[in-house]
Amino acid sequence: QQQVKQSPQSLIVQKGGISIINCAYENTAFDYFPWYQQFPGKGPALLIAIRPDVSEKKEGRFTISFNKSAKQFSLHIMDSQPGDSATYFCAASSDNTDKLIFGTGTRLQVFP
Amino acid sequence: DGGITQSPKYLFRKEGQNVTLSCEQNLNHDAMYWYRQDPGQGLRLIYYSQIVNDFQKGDIAEGYSVSREKKESFPLTVTSAQKNPTAFYLCASSVAGIYNQPQHFGDGTRLSIL
C-alpha cells in the first residue's frame, strides 16, 4: 500500500515532442505528489509538485495532471528538448510524515 | 551558496570493513535523510532524522548506522553486516515540522566493493 508505481522505465522522444510519465498509488492518505529530475552523477532536484485539491499544475513546459479517483498522476513535458534528458522520479507523501515514497524512475532520452 | 555536501564522491570498501559517508548541510534544515539508489529501484530510505540526537530507521536500515550530533551533519556508516553495499548513496534535507516540504539532495557518494 506504500508503493508508488511508475511507468515507463525508459522513454525515447524526439525533440519537440511530448514526454509523458505516469505514476499510480494505493494509499489514499497520500496528499503531496512531487516530481524530481536527476541528471547523471547528480542528486535529484525538485521539478514540480501538486496537492490533490487541484487536477492540474503547470510550470513552463512541465505539467502535472492528477486524477484522484483513479489514484494516478502524470508528468507531461511539452516541446521536449535534449537538455530534458534525465531520470525522472515521482514521489508521494502524506500529511503526517516528512517521508517520501519514490517511484522506480523513468529514464528519458530526447533526440534532436 | 546554501546546499548539501556529500563526500567522498567515490568510495571503495574492502570485505569486512566499515566505511563512513559524510553529509553536511548549511540550509539550516532540521530534517535529514539517507537514501540508497540502485538501478531500476528508485530511492529507498535508509535512515532519517528530524532533530539533533534523534533518528529513525527507514525501509532498509539493516547493515547501516547513523549519528546526528550536530544539526548540520548526518554521517552514514555502512557496516560489514551490509552484504550488498554497492550503490549510489544520497543525502537530503528539508524543513521539519511543516509537512510536504521539498527535500534538497546532495550529489551523492558512489560506493563500490574492492
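The values are calculated or read from the model by the stated rules, or taken from the named source; none is laboratory data. Just so we're clear, the structure is a prediction, and the values are computed from it rather than from any experiment. Here Cβ is always computed from backbone atoms with ideal geometry, including for glycine, and neighbour counts include all displayed protein chains. Surface accessibility is based on the protein's heavy atoms, side chains included, excluding ligands, DNA and RNA. Shrake-Rupley method; radii C 1.70, N 1.55, O 1.52, S 1.80 Å.
Points worth noting:
- Length-normalised contact order for the stretch A:1-105 - Cα pairs under 8 Å, 6+ apart - percent: 36 percent
- Multiplying the residue separation of A:Ile18 and A:Ala70 by 0.36 nm and removing their Cα-Cα distance gives an extension gain of 16.5 nm.
- Stokes-Einstein D for the protein assembly as shown, Kirkwood Rh over Cα pairs, 20 °C, 1.002 mPa s (µm²/s): 118 µm²/s
- Those residues of the stretch A:33-63 for which accessible area with every protein chain present is at least 20 Å² below the isolated value (1.4 Å probe): A:Tyr36, A:Gln38, A:Gly41, A:Lys42, A:Gly43, A:Pro44, A:Leu46
- When you restrict to C-alpha pairs under 8 Å that are six or more residues apart and normalise by the size of chain B, the relative contact order lands at 35 percent.
- FRET efficiency, B:Val52 to B:Ile98 (Cβ-Cβ, R0 25 Å, nearest 0.05): 0.90
- Measuring nothing but protein heavy atoms, the accessible surface of chain B at 1.4 Å probe radius is 46 percent carbon and sulfur.
- Cα-projected label distance for B:Leu27 with B:Ala61, points at 7 Å along beta-carbon direction, nm: 2.3 nm
- For q = 0.15, 0.17, 0.23 Å⁻¹, Debye-computed log10 I/I(0) when each Cα of chain B counts as one equal scatterer: -0.59, -0.76, -1.36
- Surface share of carbon and sulfur [accessible, 1.4 angstrom probe, percent] for chain A: 49 percent
- Label-point separation, B:Leu114 to A:Lys57 (7 Å along Cα→Cβ), nm: 4.6 nm
- Loss of accessible area when B meets A, both sides summed, Å² nearest 100, probe 1.4 Å: 1900 Å²
- The mean accessible area for residues of chain A, using a 1.4 Å probe and ignoring ligands and nucleic acids, is 49 Å² per residue.
- FRET E, pair B:Lys9, B:Asp38, Förster distance 22 Å, beta-carbon r, rounded to 0.05: 0.75
- Chain B: Lys pairs at Cα distance under 26 angstrom, eight or more positions apart or on different chains: 9
- The candidates A:Ile50, B:Ile60, A:Ile12, arranged from most to least accessible area with a 1.4 Å probe in the full protein assembly, appear as A:Ile12, B:Ile60, A:Ile50.
- Qualifying aspartates and glutamates (Cα of each under 18 Å from Cα of A:Lys71; at least 8 residues distant if same chain): A:Glu26, A:Asp31, A:Asp53, A:Glu56, A:Asp95
- Accessible surface area normalised per residue over chain B is 49 Å², counting heavy atoms of protein chains with a 1.4 Å rolling probe.
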